[in-house]
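Before any comments, here is the structure.
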């Protein structure tokens, strides 16, 4: 800018000293204005990218992670301070720019500052990717634990079924004992024996019978866990009918219904904590349309959902967000294995979750088609 002003003065365009001084002031002010406008634009674009990349705004950043994020910014700030100190030097009492002494710095210094800025931006992006990877890893661990738990409870359900079949086989002997006891004067002994028999039958009672061992095990387990805290909870699965020869793997159905039941039970528990006399219920049903299987879980809740922009599902309101709030994500991940989708809606104070899947088993999942 000053070179242009000198050129204009040499051509006689700035004849007076006053006009020359005004031109110099305007040039300096214009240069600073352009410089600050460029810095403001670069800062705006950088902050916009950071805000866009920083998705996990509720993530509790640890001290080490915070140092990882802030270190590039601190280094960049120190570089800027160093450059401001050494940029102007004195030679024979005359101030000179470092650029005049070392012209190569015109390229080197902006490159250093640009790399410093990129390290900040990509450091934030890398940190967010690490958070997402850890969340996905936690989701896989939860899925593996759920499958392992389902396997254990399947064995327990098979034992219960075997006990029921054994009791039916021994029913004739049981009736004979009852008849023999009733023939004598042991009426009290008979009542005690019948009471013990009823207690045994209650232990072997299966509340839900869908025809699928995994689903039966899961629903009975979830129900008995829920009624410990909420004895008046109503859990209905009469309309949960799984088609014969279903191609969707039982474990995957168990993962979907298990996560959905956990969320529904937690919502009912929260409702009961606020309103002890409120009606707590969970309704589970299914519908088959052609090659599509639709699972629906309805439950009562307190009417409050935490929804955030760019979030597909409601956000958990628990303090431990690392281990909670991934149930719906696991349901979606499992449904997508069968080209499915997950949707939810709210009807008053009723939360309705719908899961749609194709009734087919993929060969790449490692399951034989005849199983």
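No lab work stands behind these numbers, since they all come straight from the coordinates. All values reported here derive from a predicted model rather than from experimental measurement. We place every Cβ from the backbone using ideal geometry, glycine too, and count neighbours over all the protein chains shown.
Data overview
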{"quantity": "Segments 218-224, 20-26, 336-342 sorted - mean Cβ within 10 Å per residue, highest first", "calculated": "218-224, 336-342, 20-26"}
{"quantity": "Sorted peptide list for 350-357, 272-279, criterion being average Cβ within 10 angstrom, highest first", "calculated": "350-357, 272-279"}
{"quantity": "Residues 301, 68, sorted so that the one with the fewest Cβ neighbours within 10 Å comes first", "calculated": "68, 301"}
{"quantity": "Cα shape, region 1-53, gyration tensor, a/c 1.5 rule", "calculated": "prolate"}
{"quantity": "Packing-based order for 125-132, 28-35, 328-335, using average beta carbon neighbours within 10 Å, highest first", "calculated": "328-335, 125-132, 28-35"}
{"quantity": "Exposure proxy order (Cβ contacts within 10 Å, fewest to most) of 302, 3, 229, 252", "calculated": "3, 229, 302, 252"}
{"quantity": "Rounded FRET efficiency, nearest 0.05, which uses the C-beta distance separating residue 44 from residue 70 and R0 of 25 Å", "calculated": "0.75"}
